Amino acid sequence: MAGGGMAALGVKKERAAEYKGRMTLAVAMACLVAAVGGSIFGYDIGISGGVTSMDPFLEKFFPVVFRRKNSGHQNNYCKYDNQGLSAFTSSLYLAGLVSSLVASPVTRNYGRRASIVCGGISFLIGAILNVAAVNLEMLILGRIMLGVGIGFGNQGVPLYLSEMAPAHLRGGLNMMFQLATTLGIFTANMVNYGTQNLKPWGWRLSLGLAAAPALLMTVGGLLLPETPNSLIERGRAEEGRRILERIRGTADVDAEFMDMSEASELANTIKNPFRNILEPRNRPQLVMAVCMPAFQILTGINSILFYAPVLFQTMGFGASASLYSSVITGAVLFLSTLISIATVDRLGRRKLLISGGIQMIVCQVIVAVILGVKFGTDKQLSRSYSIVVVVVICLFVMAFGWSWGPLGWTVPSEIFPLETRSAGQSITVAVNLFFTFVIAQAFLSMLCAFKFGIFLFFAAWITVMTVFVYVFLPETKGVPIEEMVLLWRKHWFWKKVMPDMPLEDGWGEGGGERADNKGH
């Protein structure tokens, strides 16, 4: 374990103003290839909802649901309430949760690229099993292998992007992961819309096409350069500096290299990152690593993305209309992520999270009111109200796309010191996948039980998380990733939680106006 005093801090002074470098082609290409991992994550989210609404798929694997869906006497909210069907969707995320914990030591000891390659290979195996599935067991096994890929990919890709990006562009480049995720969701919706009429094998094509980005991710991972942070942490400082000079486009990288070296010096004294992350000085980062991904899922977005066709069919849309509506929401999510990429490093994380939260609350309440007044267990929405519901859901998805969608990953990936970064990312991924699993498994039953109240349930959680950001999250815009540890000591709340520690250059508790930032 690290000793006390200055050594325990890692980075001892602020050097951000001395950082040199620019956006280079090397960074652009590396981030583009790495972010393909996000497209597979998004494809798997989007594809399951469309496939589970296709009659040939249901008839083969879930005949009970198939008969209930086509019965005119079943409660509209409960047609798809089946734990086996939920397990088809949720098994992927349970496997991802477990594998993300395995991926942490791989990412730390063998590099970020190793996790990306492992994720790509697992995705390939899962896609092959799914496209060839002849029974439910084979189908679920394929989903589990896809989950293993998600655990490794979500561990390695956000860290890779954060560490490769220049500090002043980190927010936008890190969001390449979320942009690729939303593109994957949109692509899945388009594929489902096109394969629904290819009976009886259209669902196999939908599931099998996940192999294409998986192959790209695997090959790209083998060709990518490793991050300087990882190389320095693993004792390859000279190689790390060469890569840093290449990706920054300049030989003047002394300040950034010094920050990385100091952080690495501490990182190498930490033998158990998971135990170290529980120490009081890491308490703010741990809280964010748990709360940010949990809140991201508790917006209710995954319920809409997983089950968009099912949800729209529940509201009375026909099969083609429901898939078409899910294509629209997928397109909105993709386009709104571009807004976040363009504004995150100018407006900052807090403004986007808070404003997005407010818009999502309003949208959830409006949908709940419309369904509560105009839709019931045995009646359909009129055409005009159906259009209103789709528009409001699109506005909800839009708000998520430029706020909690990308930032739920970006903030946790950029706040950890090097010695706990792989463990912190692992916790972030595990928490995200745990809540994703719970919501995926429970949503159809919750929809049957809560009916329109399910939207009010999610609105209440969005209220909680918006307040949380306002009170507890400092603005991380423009703060170099290796100096992030210094930010918490200036925040009005977290400086009371963290132990006293001597700092340089005016960063201490009595550091004048530079210690006066309350993070608001």
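The values are calculated or read from the model by the stated rules, or taken from the named source; none is laboratory data. Being a predicted model, the structure only gives us computed values, none of them experimental. Here Cβ is always computed from backbone atoms with ideal geometry, including for glycine, and neighbour counts include all displayed protein chains. SASA here: full protein model, heavy atoms, side chains in, ligands and nucleic acids out. Shrake-Rupley method; radii C 1.70, N 1.55, O 1.52, S 1.80 Å.
Rolling a 1.4 Å probe over the heavy atoms of the protein chains gives the stretch 90-214 an accessible area of 31 Å² per residue. By the Cβ rule of 4.7 Å, the chain holds the following cysteines without a possible disulfide partner: 31, 118, 291, 363, 394. Solvent-accessible area assigned to carbon and sulfur over the stretch 78-236 amounts to 74 percent, based on a 1.4 Å probe. Entry for the stretch 329-442 at q = 0.20 Å⁻¹: log10 I(q)/I(0) = -1.14, Debye formula applied to identical alpha-carbon scatterers, no solvent contribution.
Give me the number: length gained by fully extending residue 335 to residue 29, i.e. 0.36 nm times residue separation minus the C-alpha to C-alpha distance, one decimal in nm. Present the calculation step by step, with values, prior to reporting the outcome.
On the way: separation 306, 0.36 × 306 = 110.16 nm, distance 2.12 nm.
Value of the extension gain: 108.0 nm.
Largest first, what is the accessible-area ranking of 402, 201, 492 with a 1.4 Å probe? Don't skip to the end; give the middle numbers.
Working: 402 35, 201 130, 492 70 Å².
Descending order: 201, 492, 402.
Mind checking the angle between helix 237-248 and the chain's longest principal axis? C-alpha axes, 0 to 90 degrees, to the nearest 10. With both axes taken from Cα atoms, the answer is about 60 degrees. Positive-end ranking of 251, 71, 480 along the dipole of the chain, with charges on Cβ about the Cα centre, is headed by 71.
Solvent-accessible area of residue 448, all protein chains in place: 30 Å² (probe radius 1.4 Å, heavy atoms, ligands and nucleic acids excluded).
The candidates 25, 456, arranged from most to least accessible area with a 1.4 Å probe in the full protein assembly, appear as 25, 456. Of 254, 81, 44, the order by accessible heavy-atom surface (1.4 Å probe, DNA, RNA and ligands excluded), from most exposed downward, is 254, 81, 44.
Between the helical axis of 112-131 and the dominant principal axis of the chain, each derived from Cα atoms, what acute angle in degrees is found, rounded to the nearest 10? The helix 112-131 is inclined about 10 degrees to the chain.
Is the stretch 205-289 best put as rounded, prolate or oblate by its Cα gyration tensor, with a ≥ b ≥ c the root eigenvalues, rounded for a/c under 1.5, and otherwise prolate when a/b is larger than b/c, oblate when not?
Numbers: a/c = 2.62, a/b = 1.26, b/c = 2.08.
Since a/c reaches 1.5 but b/c is at least a/b, the shape of the stretch 205-289 is classed as oblate.
Rounded if a/c is under 1.5, else prolate if a/b beats b/c, else oblate: with a ≥ b ≥ c from the C-alpha gyration tensor eigenvalues square-rooted, which is the stretch 322-396?
Working: a/c = 4.36, a/b = 1.93, b/c = 2.26.
The shape class here is oblate.
Classification of the stretch 412-474 by its C-alpha gyration tensor yields an oblate form. The axis ratio a/c (a ≥ b ≥ c) is 1.5 or more, and b/c is at least a/b.
Could you sort out which of 351/451; 199/374; 351/495; 69/374; 199/451 sit more than 29 Å apart by Cα distance in this structure?
Values: 351/451 32 Å; 199/374 34 Å; 351/495 22 Å; 69/374 21 Å; 199/451 32 Å.
Over 29 Å Cα-Cα: 351/451; 199/374; 199/451.
Using C-alpha pairs under 8 Å with a sequence gap of at least 6, the mean separation divided by the residue count of the chain gives a relative contact order of 25 percent. Compared with the dominant Cα axis of the chain, that is its longest principal axis, helix 83-110 is turned about 20°. When +1 charges are put on Lys and Arg Cβ atoms and -1 charges on Asp and Glu Cβ atoms, the dipole computed for the chain relative to its Cα centre reaches about 1200 debye.
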